[in-house]
Every structure is written in C-alpha cells, then in structure tokens.
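The values are calculated or read from the model by the stated rules, or taken from the named source; none is laboratory data. Not measured: the values here are computed from a predicted model. Counting neighbours? That spans all protein chains shown, and the Cβs are built from the backbone with ideal geometry, glycine included. To get the accessible areas, we keep the full protein, side chains included, count just its heavy atoms, and leave off ligands, DNA and RNA. Shrake-Rupley method; radii C 1.70, N 1.55, O 1.52, S 1.80 Å.
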There are 2 protein chains.
Amino acid sequence: MSSEEIAKAAKIAFGESQLIPSTERVKALETIRQQLERQKDEILAANVEDLKAARLEVEAGRMSESLLSRLDLSRGDKWDSMLQGILDVASLPDPTGVVSYASELDDDLELYRVSCPIGVLLVIFEARPEVVVNIAALAIKSGNAAILKGGKESNRTTSLLSNAISTGLAQTAVPEKYIQTVQTRDEVASLLKLDQYIDLVIPRGSKDLVRNIQNNTRIPVMGHADGICSVYLDQQADEEKSVRIVVDSKINYPSACNAVEALVIHESLLQTIWPAVAQALLRENVRLLCDPPTLSALQSLSPLPPNLDSHVRASTAGDYGTEHGSLVLSVVTVPSLQSALQFINSHSSHHTDSIVTESDEAASIFCRAVDSAGTFINASTRFADGFRYGFGTEVGISTGRIHARGPVGLEGLVIYKYMMKSKDKKGHIVGEFGMGVGKKHFKHRSINAKAVPF
Amino acid sequence: MSSEEIAKAAKIAFGESQLIPSTERVKALETIRQQLERQKDEILAANVEDLKAARLEVEAGRMSESLLSRLDLSRGDKWDSMLQGILDVASLPDPTGVVSYASELDDDLELYRVSCPIGVLLVIFEARPEVVVNIAALAIKSGNAAILKGGKESNRTTSLLSNAISTGLAQTAVPEKYIQTVQTRDEVASLLKLDQYIDLVIPRGSKDLVRNIQNNTRIPVMGHADGICSVYLDQQADEEKSVRIVVDSKINYPSACNAVEALVIHESLLQTIWPAVAQALLRENVRLLCDPPTLSALQSLSPLPPNLDSHVRASTAGDYGTEHGSLVLSVVTVPSLQSALQFINSHSSHHTDSIVTESDEAASIFCRAVDSAGTFINASTRFADGFRYGFGTEVGISTGRIHARGPVGLEGLVIYKYMMKSKDKKGHIVGEFGMGVGKKHFKHRSINAKAVPF
C-alpha cells in the first residue's frame, strides 16, 4: 500500500469506529492480548533475528550496546509486562464521552461539550519494539486510529507485533485498519504531507527527530522533547532536603528526561549547604561542572573531597544548555531568587524545575514565575511522570504549550465536540433571537450532566 | 525594532507579568479604555485618512466596497461598542488559576494542575481595525502577551490604536510591551520563524492566509478556517422545522462561516418537504445548485416557482466543496442516513452540521458519526458561535482538532502547568517509592480544590 492509501484507510477506519461503543474497544484490547500470546513464539523468533542483526551493528561500531539491549523482547518479564500493559490501559476510565460544559441556551435548546477522539495519529518512535503494543493500546482505548513507525533495527519484530494486532482486530468490532505500521523514513516523509488524513503527529525520540518533524509538516506535532530540568537551592533551603532532593533528581535515573541537569544555588549557601550537597553527589560519582564561586568553595574545603580532581571541573557557558543524560551536573551561583528565575526561564527546557526552600513566599513565587510544565517545592524533579501523577499510563511528556503540557495521559489523546439538541416543536433558529421587540434572549442556564442524554 | 527584538520583548513582558495578580490585568483594561477615549479624535482622524486611501483603491478596482465599509471606525456605534467590548471582556471570569486536577500523591505531597496563559500570541487579521482592541483585551485578560498584525489598509488606524494601548499599559502594572503591533508582511514572515519566543499563531482571515501560515512555521497555528456547513433533512424530518432551519441557516447572515452551504436531502422527501423548502428559499432569493433528482423535482412542480429559471441550475461536483458565502446553496440527494454521513464527512469543513429529524436514533447517530466541531439536532447551524454558546466572547472558531475546537472563548487562550508541594519534613524523593521491602506506594487521593492553596 502507498502512504496515501495507508493514511486514507486509517481515516476511513476512524470514521467507521465512531458508532462503536467504548465497551467494544475494551474487548478488542483483550482479543489483541490473546492474539499476541498465540503468536508469541513467532514474534520472539523474529526478535532474535533483529537482535542478531543489531549485534553485527554493535560489533561494527554503528550501534550502542544500550540500544541493543532495549531491542530485546524476551529479557526478564518484558513480554509479560507488555501484555499486562494492555490490560492496564483497558481498565483505565474511558476518556471519551465526558461532558465538560453543558448549558441550556434557551427553553428546550441544550448544548453539550463532550470529549471525543482526535482522529488519526502518526506515532514515530525509536528502538523499543514493545512501544507498538503500548501505543496501539492507548490509541484503541481513546478511540483514535494510528499509524506507527518504529526504528529500523526492530522492523522484523514490530511488523509481526503489528500483524498480530491486525489479526486480533479482525476478530472484533474495531476496524482491522485501525492500527497500521510503516517501515521506512520515506513513508514517514510522505505521511507528514497528508494533513487531510492525519490529525496529530507524536514523535517519541531525540530532540533532532522532533525538530525535523516540526519543520516538515503542517500537521500539529505533540513534541516530547528532552528535558533540561533544574533544582534551585534557595537562601532558605534546608540542608537535608537539599541533599536528598538534588541527589535523587540526579542519580535515580540519570538518562530520564526528568533528571536534573542544572543545580542553581543561592550564593549565601556557598560555604554551608553547597559543600554538603557536592560531597553527597561526589560520593555517588556525579561529575560537577562548576562556575567560579562553587568551584572555589570546593577547592577551599578541608579535607578536599577525594575525587575532586577527577570529578570536578570549571563549567563552560554551553554546559548550562546541555541535557547531560548521565551522572553529570552543571552548577551555577545566583545572587537572588529573581536571578534564579531568570536563569531557569532562559536555560531550562520548560519541563520540570524544583525549588528547595522553607519560605512559603519564595515557593509561591517560584511556582508561578518559572515557566515550565512542572514547578515543584521540596520534591525531586523525577516525580514528573504520568504514572506518578496518577494517570495510570502516559503517552509521553509534552513541553509544548497548547493542548497538553507535562506528562500526557489518555486525556491528551482526546478533544471535544459540541452537540446541540432542540426539543422545541418548531426547532430552533437564530433569527428569533436579538435585541428588537418580540425577540428571544439567550438563557445560558448551566446543566449538570456527566454524559450526553441523547 | 527588528522582528526579533519585538518577539523577545514580548517574551520578556510575558515573563514579567507572571506574578501580577489578575485583578491588575482587569485594571489595565479599564486604563486602556480611558486612554482610547482620550485619543479618540486623533484615532478617528487617522481612520479618515485610511478611508480616503481605501476609497482610491475601491475606485481603482483594487478593493471591494464591503472591505472599505469594514474599515470605518466612526460608523454607527462602532467606537462605543469597541470600548464597551473591553469592559465586557474585563468582567468575564478569570480563565487562569483554575485547578482542573488535584491529587495527594503521598502523605504531604500534593499535586495541582492549574490553568495559566500560553505565552506570546501572534495574531494576524485583515481589515477591521477594532480587532486590535478586541484581541488586546482578550490577551490581557487571559495573561498572554500579543503581537498583532492588521491589514495594511488600516495601518494608520491600527498603529494609533496600538499606541493608545501601550500608553495605557505604561500607567499600569502590566508591562508596556505586552501588546505590540507590526505593520508589514516581511515582519510576519520573520516572526513565524521565532518559535523560541512565540507560542501560538492565530490567523483570522481567509483559508489561503491560514494555509500559507501553516506551511511556513513550526509554531502551532490555531486556524479559524472557513466553514462549509450542511443541513441534512432526514427521512423523518418535520416539514416546518425543515423550512425554518434551512432558511435561517442560509439567510440569517450568508457570509458568516456558520451559514449553511450544502443541503443534503433524503430521497423520500423529494416530492414532499423538498418543494416546500425550495420555495421558501427561492422566496428569499437564494440560488439553488441542484443535483439531478432535486432539480427534476422542482421542474415537475405545478405551478413552477416564478424564479426557477433565474435561480435554479444543475450543480457541478465542485459546488459541494465550495463556501459560497452568499445566497447560494448546493443541494444533493442521498438514499440513506449512512450516505448522508459519508457525504458530510467527506465534503464539510468539519465546522458545524445539523440534522432535521423526529427520530431520536437518527439524531443520536448523526451527532456521533458526523466528525465536526458542532453536530446539531433540529437547530440552525448559525448557533455555532461563542456568544450564543455562553462564552461571553470568542477568539474565533477553530476547525483544528487539538487544543480547542469550535467557538473558542478565553479558555482557548490558556494551558496548564503542574505545581507540586511536599510538606514532609525531609522533602520528597522518588527513590523511596517502588516495589521492594520498605518502599512507599503512591496514594493518589483526590483533592477537592478550586485554586492552588500555596
């Protein structure tokens, strides 16, 4: 099938699914789980082939060992947790059909704003083949059709996973073409032009991938960009909280987008809390890229930290705009809360930033003035996560500023439409409303409704 | 100032405004109203100059009379209603600071999702100079900075309006650069590249304007596209409702985007309701572009409608994808509700579509299966409007499928951020949570809160 045929088939499948009750979508998820279980041996055999090919790439120096390990679908409980994930998504509340505004505009004229799927999603991701199954489950649960493109290194696995999903769907009320996959970059390039069929692009991968897609499509992009998160130690920071929060934000999962990359320190802490924080970080083998005041504060410690020479160096300007993604932390000193806000707003990626302080006033200012998706008080940046926020699962984290921001759950895959019903015996027309004599006026009486009653 | 300096100044002004309470934004609106009143003579004099220049353009055949009339700021009560509009916006509920999700993730760890402004808006519109004031009021009320570009034919007027707004702002807590205007297309072209400063583009104008902007920026675009709305007369339509709703949808304001452009008729009505509807439309001087069944039904009427020859002709395929914007209506026959749904979903612009029916089942199917921002039962398409929906005012109507859909009120100019606070005596870290022995589990207890308590 050509890209255009695939996109058109997705749009048709989406249209056909509009009258299918959400209970059928949940049943379809169970059927897909069973079909995957049935094709398990075949899929894992294909996965072994992908791994063999990837091993050659690693040996030739063209692929990293960590990428290779993410390809492996039979490692640990990966297969089982992939299947369990389908059931977890199935059991989440239905994000569609929820009324968020209801008003009686006039006697017998009712308006309802009700959540509904967006349409056709194009999801582009890298490496981990189980993402096909995760995204398929999220799309089906939220009533969206989806076209998926995984990394080329997992093509054998993803095409079989996709095949099992289609085989499963063929046994259900949900259209078979609801979930489709494509394999090549050329197909993606063609799909990005088809805004008459595709409604939202979700790239899950590097900043370059996201930016490249944004530059080459007029379809809206929900970007899950990298994270340059910071922790600010305020003049009124508590030492124990400072140490615990900075260390956790850095070492709990250094390659995650919600790990801290920059530590911003009020200058009054240079001889007090900063040495304690630095020593705790150095004990965890974190490398520190320090500005002159924080560097000299460490150099004048007695005794000197044992790994000072190997793990501490002077920072460069570029370090503060870098997502290290490893046990590396940029450190900067500021003279005031105001300076901290300016530093964070101009250097962070507007993902998640945290303040450590005992001052309610500083905390309140920080939360409002820091222009990021998450602003935290005395808590690790690592809490920025859909599961931790209580969404059950997440589509990704958005640093965009419309539609959805921060960890995006199923709610990020729906929009709304307005349904209106006249029960008047002559129907409702606008010409009867207005300012003149005998004209009607809008009543706008709020209706208390959780679902549309018609 | 260069485009980059303007965009940067807007972002800085936005940043500076984050700690200003919303009451100050409301005060700023009143100050702007007073300043406009003070500069009234000067502004209206500039408007006379714009009108003189436009008159020459009309005489040279380069501008329409209707565009000219929309430029005129002293016609009727336009000036007064422009100023009243500022107060109307000022009195709407504050769209910011509203909590839409609140959860206690753990003892003493609270999460709040709270609405906040988007950032810097770039609004591009045509002709009517008072839009500068409308948009400035909406932006200030919702806490967004804005850069505005009007039509070149109103440059003298809009630059003075903008000047009065800045002069007004300079007397308030809201930064002076909160609202800026640019005059040229070149400046707009440069601004569309500055996604580091500008967060949302709102084009208010022709489909070509919207598409051109979508093709030339990676900034999200909230498109207020044209409307190809339809009315479907179902097999179980009532005659009086059919006549009233079709006529109102067409003639109440033919150039509006929510006017009907296509009439879809169930074939069982060809000899009954269709002639009644057609005669009512012809009495209102509506031209009918008919498919063969509806055409021949009219030609076999006795007596023939008096303006049959002048006002009725056979339709072409292109007519069904055209926004007539005048007293012209395309008409098509379908054999079933299913065919009507297919026709509407493939021909409408997904703005607003209405069904006339006495069948609850058909009505319910129509509302769910028609993939448009508004799906109405026995009501005119002209009800699709922010004021009529009860939003007080509207930013425009979006036919996009993310962020905001249909008439967009102030709610469409906000997004949200997540604020989190730990009250624990040691702060909160992620490393304490997990599956192992002694690990904490998330509690996710819902909090009932309308505003953030810190």
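Quick notes
- Residue check for B:D424: facing another protein chain (nearest Cβ under 10 Å), over 30 Å from A:V247 (Cβ atoms) and open to solvent by 10 Å² or more (accessible area, probe 1.4 Å): no
- Helices (runs of 4 or more DSSP H) wholly inside segment B:180-268 that include at least 2 residues being in the same structural domain as B:L281 (by TED's automatic domain parsing) and among the charged types (D, E, K, R): B:239-251
- The set of residues from segment B:55-71 being in contact (Cβ under 8 Å) with a residue 24 or more places away in the chain and out of contact with any helix residue (DSSP H, G or I) (no Cβ under 6 Å at 6 or more places or on another chain) comprises B:E57, B:L67, B:R70.
- Search result, residues across segment A:432-448 that are within 47 Å of the chain's Cα centre (by Cα), modelled with pLDDT of 95 or more and open to solvent by less than 60 Å² (accessible area, probe 1.4 Å): A:F433, A:F442, A:I447
- Residue match in segment A:431-451 (condition: outside the structural domain of A:V264 (by TED's automatic domain parsing), touching a Gly at 6+ places or on another chain (Cβ under 7 Å) and at positive phi): yes
- Hey, A:G392 open to solvent by less than 10 Å² (accessible area, probe 1.4 Å) and within 14 Å of the chain's Cα centre (by Cα) or not: no
- Test: residue in segment A:198-205 that is of a type in the set (G, A, S), more than 29 Å from B:V408 (Cα to Cα) and open to solvent by 10 Å² or more (accessible area, probe 1.4 Å): yes
- Single residue of B:A146, B:A127 found to be among the aliphatic types (A, V, I, L, M), open to solvent by less than 10 Å² (accessible area, probe 1.4 Å), part of a loop (DSSP other than H, G, I, E, B) and under 21 Å from B:V188 (Cα atoms): B:A127
- Filter result for B:T181 (of a type in the set (S, T, N, Q), free of Cβ contacts under 8 Å to residues at least 60 places away in the same chain and under 29 Å from B:L71 (Cα atoms)): yes
- Of all residues making up segment B:338-365, the number that are within 10 Å of another protein chain (Cβ to nearest Cβ), assigned to a helix (DSSP H, G or I) and within 22 Å of B:I402 (Cα to Cα): 2
- Members of segment B:110-124 found to be open to solvent by 10 Å² or more (accessible area, probe 1.4 Å) and among the hydroxyl-bearing types (S, T, Y), listed by number: B:S115
- One residue alone among B:H350, B:H403 is buried (at least 20 other Cβ atoms within 10 Å of the Cβ) and out of contact with any strand residue (DSSP E or B) (no Cβ under 9 Å at 6 or more places or on another chain), and that residue is B:H350.
- Restricting segment B:153-176 to residues that are open to solvent by 30 Å² or more (accessible area, probe 1.4 Å) and touching a Ser or Thr at 6+ places or on another chain (Cβ under 8 Å), the residue that is farthest from B:I43 (Cα to Cα) is B:T172.
- Hits in segment A:298-310 - residues which are surrounded by fewer than 20 Cβ atoms within 10 Å (Cβ to Cβ) and either part of a helix (DSSP H, G or I) or touching a Phe, Trp or Tyr at 6+ places or on another chain (Cβ under 8 Å) (or both): A:Q299, A:L308, A:D309, A:S310
- Residue in segment A:205-226 that is away from chain B (no Cβ under 11 Å), in contact with a strand residue (DSSP E or B) (Cβ under 9 Å, 6 or more places away or on another chain) and at pLDDT 90 or above present: no
- Within segment A:207-232, being more than 20 Å from A:I402 (Cβ to Cβ), open to solvent by less than 10 Å² (accessible area, probe 1.4 Å) and of a type in the set (A, V, I, L, M, F, W, C) holds for A:C229, A:V231.
- Selection of first residues in segment A:34-53 that are charged (D, E, K, R) and of second residues that are assigned to a helix (DSSP H, G or I), restricted to Cβ pairs under 6 Å at least 6 apart or on distinct chains, gives the following pairs, ordered by first then second residue: A:E49/A:R156; A:D50/A:L71; A:D50/A:S154; A:D50/A:R156; A:D50/A:T157.
- Among the residues making up segment B:271-296, those that are assigned to a helix (DSSP H, G or I), under 11 Å from B:V247 (Cβ atoms) and of a type in the set (A, V, I, L, M, F, W, C) are B:A276, B:V277, B:A278, B:A280, B:L281, B:L282.
- When segment A:192-204 is filtered for residues that are within 11 Å of chain B (Cβ to nearest Cβ) and in contact with a Lys or Arg (Cβ under 9 Å, 6 or more places away or on another chain), the ones remaining, listed by number, are A:K193, A:D195, A:Q196, A:I198, A:D199, A:L200.
- Tally, over segment B:376-421, of residues that are more than 25 Å from B:V98 (Cα to Cα) and either among the polar types (S, T, N, Q) or facing chain A (nearest Cβ under 7 Å) (or both): 9
- Each residue in segment A:238-257 was checked for being of a type in the set (S, T, N, Q) and open to solvent by less than 10 Å² (accessible area, probe 1.4 Å), and 2 pass.
- Which numbered condition B:A102 misses (of (1) of a type outside the set (S, T, Y); (2) at pLDDT below 95; (3) outside any loop (DSSP other than H, G, I, E, B)): (2)
- Exactly one residue among A:G15, A:G76, A:G61 is open to solvent by 20 Å² or more (accessible area, probe 1.4 Å), assigned by TED's automatic domain parsing to the domain that holds A:K177 and under 23 Å from A:A170 (Cβ atoms), and that residue is A:G15.
- Selected residue (only one of B:S66, B:S81, B:S74 is over 27 Å from A:L341 (Cβ atoms), part of a loop (DSSP other than H, G, I, E, B) and of a type in the set (S, T, Y)): B:S74
- Some residue of segment A:326-345 being more than 30 Å from A:G223 (Cβ to Cβ), open to solvent by 30 Å² or more (accessible area, probe 1.4 Å), small (G, A, S) and touching a helix residue (DSSP H, G or I) at 6+ places or on another chain (Cβ under 9 Å): yes
- Restricting segment B:258-287 to residues that are among the charged types (D, E, K, R) and over 27 Å from the mean Cα position of the chain (by Cα), the residue that is most open to solvent (accessible area, probe 1.4 Å): B:R283
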